[in-house]
Amino acid sequence: MSDEQENQENNGDCGVQPGAGEQEREKPAAAPGSGRQRLLAGLWPPRLTRAQLIVAVLLFVLGLGLAIQVRTTSDDNSTLRGARQEDLVRILTELDNRGQRLQDEKRGLENQRSELETSSDQAAEALKQTQEKARELGVLAGTVAAQGPGITLTVRDPHGQVEADSLLDTVQELRAAGAEAIQVNNVRVVSDTYFTDGTDSVLVDGHQLAQPYVFKVIGNPPDLEPALNIPGGVVQTLEKEQASADVVRSQKIVVDALRPSKQPDYARSSQ
């Protein structure tokens with residue numbers, strides 16, 4: 001066999017096949033999707049586990065609560081922001097007075113404890129303090145008359161717009177300012193006193209009040225009067241209801257309306 005024929009046979013056995021690059025070029029190229037389509041495909045439909053759903057709900061509730069709190073605080077701040085300088089000073093003075101009263105009460109209790117611990121006749125000292133405490137409780141319970149400095153608040157309501165809630169707010173504001181004894185017209189106000197709306201006027205503990213509503217209050221006048229005149233307080237609220245509120249200070253207020261002393265049906269002293 002000639003060399004030429006042998007070379008042809010060798011070339012036939014080792015024929016050159018198409019390369020990998022040529023085969024890949026022969027395959028049709030897939031059209032890739034856009035980045036937005038791939039992002040949407042990954043996000044929707046959402047695949048949430050139960051735990052993730054619970055966390056999402058809790059975060060929503062927390063965010064809602066924070067939004068409401070911020071809104072409420074903003075409203076309070078806007079009210080104070082619109083107040084006059086003398087009104088702000090009056091509010092701060094009232095807060096200072098309340099703090100001072102609490103400090104005085106704390107010192108009084110500490111002094112009583114110290115007297116009991118250091119007295120040579122502890123039994124006599126205990127009896128003395130008990131009697132003083134009984135008189136104080138009698139004033140608070142309305143079973144004994146009381147007198148002292150304070151104010152007289154007269155509320156006139158010619159249009160009948162003042163409701164029981166407004167008078168109850170007045171009592172609460174006076175108590176917060178340090179009132180020790182309160183009488184409305186001829187009714188003694190105590191811890192369980194309630195106000196209700198009647199047909200023609202307000203009822204206190206079931207007793208119908210005739211106008212004007214006169215509050216006799218024993219306490220420190222410089223504390224009581226400013227508490228009623230703070231911005232958004234009792235006097236402004238009553239004026240919005242087309243009523244008038246006049247406050248007069250006095251060095252002697254007599255609270256002589258009494259409540260009957262009631263014995264509890266079931267409670268007994270544990271001593």
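So here's what we get for this one:
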| read-out | value |
| --- | --- |
| Per-residue HN-Hα couplings for the range 51-62 [Karplus 6.51, -1.76, 1.60; θ = phi - 60°; Hz; x = Gly/Pro] | 5, 5, 5, 4, 4, 5, 5, 4, 5, 5, 5, 4 |
| Whole-Hz ³J(HN,Hα) from phi, Karplus 6.51 cos²θ - 1.76 cosθ + 1.60, for the range 194-206, glycine and proline x | 10, 10, 9, 7, x, 5, 10, 7, 8, 9, 10, 6, x |
| Per-residue ³J(HN,Hα) for the range 142-148, Karplus 6.51 cos²θ - 1.76 cosθ + 1.60, θ = phi - 60°, Hz, x for Gly and Pro | x, 8, 10, 6, 9, 8, x |
| Using a Förster distance of 30 Å, the FRET efficiency for L109-L203 (Cβ separation, nearest 0.05) | 0.20 |
| Inter-label distance for L66 and T118, nm, one decimal - labels placed 7 Å from Cα along Cα-to-Cβ | 5.4 nm |
| Violating pairs (Cα-Cα greater than 25 angstrom) within the set K106/K262; K133/K262; K133/K216 | K106/K262 |
| The range 87-255, relative contact order in percent, only Cα pairs under 8 angstrom and at least six apart counted | 33 percent |
| Alpha carbon convex hull of the range 138-271, volume per residue in cubic angstrom | 117 Å³ |
| Pairwise label distance in nanometres, S261 with L102, each label 7 Å out on the Cα-Cβ vector | 3.4 nm |
| Cβ-derived FRET efficiency at R0 41 Å, V55 paired with T93, nearest 0.05 | 0.30 |
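Quick note: the coordinates plus some simple rules give every number you see, no bench work behind them. Given the structure is predicted, the values throughout are model-derived calculations rather than measurements. As a convention, Cβ positions derive from the backbone with ideal geometry for all residues, glycine included, and neighbour counts pool all protein chains shown.
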